[in-house]
């Protein structure tokens, strides 16, 4: 698959305003054409239209291109909130859709 992404909005009442973006991936040879930006912008727009107040995602802390991609687009990160998967550090990034 050349491009993929998933937007998950939790149906539980107490979490209904929080969404998660998963599996954003653009094949190497298709990068630098703005595809990921268009894809993420559409996910944000869709989440807003469904009443989501905040989006978050988790990426490997060592994945500097991904961390930089979201940081440039005003996604926040909480360095104190490092997670771990099989010993690999993960970082949670978030975007407040109310103030955006």
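For every residue, the table says whether it meets (1) modelled with pLDDT of 85 or more; (2) exposed (fewer than 13 other Cβ atoms within 10 Å of the Cβ); (3) within 14 Å of the chain's Cα centre (by Cα).
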| site | (1), (2), (3) |
| --- | --- |
| 4 | no, yes, yes |
| 14 | no, yes, no |
| 41 | yes, yes, yes |
| 47 | yes, no, yes |
| 58 | yes, no, yes |
| 65 | yes, yes, yes |
| 77 | yes, no, yes |
| 85 | no, yes, no |
| 97 | yes, no, yes |
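Kindly provide the set of residues from region 16-72 that are touching a strand residue (DSSP E or B) at 6+ places or on another chain (Cβ under 8 Å), in a loop (DSSP other than H, G, I, E, B) and under 20 Å from residue 99 (Cβ atoms), ordered by number.
16, 17, 50, 52, 53 - these are the residues of region 16-72 that are touching a strand residue (DSSP E or B) at 6+ places or on another chain (Cβ under 8 Å), in a loop (DSSP other than H, G, I, E, B) and under 20 Å from residue 99 (Cβ atoms).
The values are calculated or read from the model by the stated rules, or taken from the named source; none is laboratory data. No experiment lies behind these values; they were computed from the predicted model shown. Backbone-built Cβ (ideal geometry, glycine too); neighbour counts: all protein chains shown.
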